[in-house]
Amino acid sequence: MNKCLCLLSFITLLATVGAICFIVYTASTGKSESWKIISRNEWAARQPKGREHIHGPVEYVVVHHSYIPDVCNTTDACKASMRSMQDFHMDDHGWDDIGYNFAVGADGNVYVGRGFGVVGAHAPRYNNKSIGLLLIGNFMEKLPPKPMMEVAQKFIAYAVEHDHVVVNYTLYGHRQVRDTECPGTAFFAQLKFWPHWRPI
Ligand SMILES: [Zn+2]
């Protein structure tokens, strides 16, 4: 093989290896893998009127749908949904703050409601021993988009990893602990297959 051909083969090999590395890297950091926590400041939350704290990891995760508003597909729309729910909970219900601890949007992010270590207003008898996790949307007849459900499950795993939720936690749909259709009939049928879901 002459020198020139040899060099050409070497460059081709380098380019191929480079392309494969790029594809593997892109696949491993694809958008569906990444989610972020959107702080209260970022969605322009109002100050809570009060706050009661919970100490140590909680035993339950209670899952909700919002019914109204329906699914939000962009971060701006989800921020607006958070503000409208907070206004409704504080002004119409007279609660201290938005009722949920966290909310997942169809934009693939998790929005801080009351946050970790704070008593919620989402499920009587469970508010002081659970995380109220909302999936923003009406899931009576349709499922939350698949990436949204994946982010919700990843968020629960993150909460366990960071000691906010016990390792052997129990997952409930809101309707299991109260007379309500929440988190929607279509979604609840699916929720029963999530890790740690238990009949009451
Ligand atoms: Zn609910």
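The values are calculated or read from the model by the stated rules, or taken from the named source; none is laboratory data. No experiment lies behind these values; they were computed from the predicted model shown. Here the Cβ positions follow ideal geometry from the backbone for every residue, glycine too, while neighbour counts run over all protein chains shown. Keep in mind that these areas ignore ligands, DNA and RNA; they rest on the heavy atoms of the full protein, side chains included. Shrake-Rupley method; radii C 1.70, N 1.55, O 1.52, S 1.80 Å.
The rows are residues; the columns are (1) open to solvent by 50 Å² or more (accessible area, probe 1.4 Å); (2) of a type in the set (Asp, Glu).
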position	(1), (2)
Phe88	yes, no
Ala121	no, no
Arg125	yes, no
Val151	no, no
Asp179	yes, yes
Phe187	no, no
Pro195	yes, no
Pro199	yes, no
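Within the option set Lys154, Lys192, Lys129, being over 27 Å from Asp97 (Cα atoms) and not aromatic (Phe, Trp, Tyr) holds for one residue only, Lys192. Applying the condition of being more than 14 Å from Val119 (Cβ to Cβ) and hydroxyl-bearing (Ser, Thr, Tyr) to the stretch 42-86 and asking which residue is surrounded by the fewest Cβ atoms within 10 Å (Cβ to Cβ) yields Thr74. What about Val112, is it open to solvent by 10 Å² or more (accessible area, probe 1.4 Å), touching a residue at least 24 places away in the same chain (Cβ under 8 Å) and closer than 25 Å to Lys49 by Cα? The answer is yes for Val112. Selection of the stretch 44-103 for residues being within 16 Å of Cys182 (Cα to Cα) and among the charged types (D, E, K, R) yields only Asp70. A single member of Gly117, Gly132, Gly105 is at pLDDT 95 or above, away from the ligand (no atom under 12 Å from the Cβ) and within 19 Å of Gly56 (Cβ to Cβ), and it is Gly117. Here is a check on your reading of the model: is Ile136 of a type in the set (Val, Ile, Thr), buried (at least 19 other Cβ atoms within 10 Å of the Cβ), touching a Ser or Thr at 6+ places or on another chain (Cβ under 8 Å) and on the phi < 0 side of the Ramachandran plot? So Ile136 fits the description; yes. When Thr75 is tested against (1) under 14 Å from the mean Cα position of the chain (by Cα); (2) within 16 Å of the ligand (Cβ to nearest atom); (3) not acidic (Asp, Glu), just one condition goes unmet, and that condition is (2). Listed by position, the strands (runs of 3 or more DSSP E) inside the stretch 96-141 whose residues that are under 19 Å from Tyr158 (Cβ atoms) and aromatic (Phe, Trp, Tyr) number at least 1 are 102-104, 110-112. If I filter the stretch 169-181 for residues that are aliphatic (A, V, I, L, M) and touching an Asp or Glu at 6+ places or on another chain (Cβ under 8 Å), do I get at least one hit? Checking the stretch 169-181: not a single residue is aliphatic (A, V, I, L, M) and touching an Asp or Glu at 6+ places or on another chain (Cβ under 8 Å).
Reported count of residues in the stretch 153-171, each being within 16 Å of the ligand (Cβ to nearest atom) and open to solvent by 20 Å² or more (accessible area, probe 1.4 Å), is 0.
I'd like the full set of residues that are open to solvent by 10 Å² or more (accessible area, probe 1.4 Å) and closer than 15 Å to Ser66 by Cα, limited to the stretch 139-149. If the condition is that a residue be open to solvent by 10 Å² or more (accessible area, probe 1.4 Å) and closer than 15 Å to Ser66 by Cα, then Met140, Glu141, Lys142, Leu143, Pro145, Met149 are the ones that fit. So the check is Cβ under 7 Å with 6+ separation or different chains; which pairs have a first residue in the stretch 155-184 that's at positive phi and a second one that's within 16 Å of the ligand (Cβ to nearest atom) and open to solvent by 20 Å² or more (accessible area, probe 1.4 Å)? Taking only residues 6 or more apart or on different chains, the pairs are Gly184/Asn138; Gly184/Met140.
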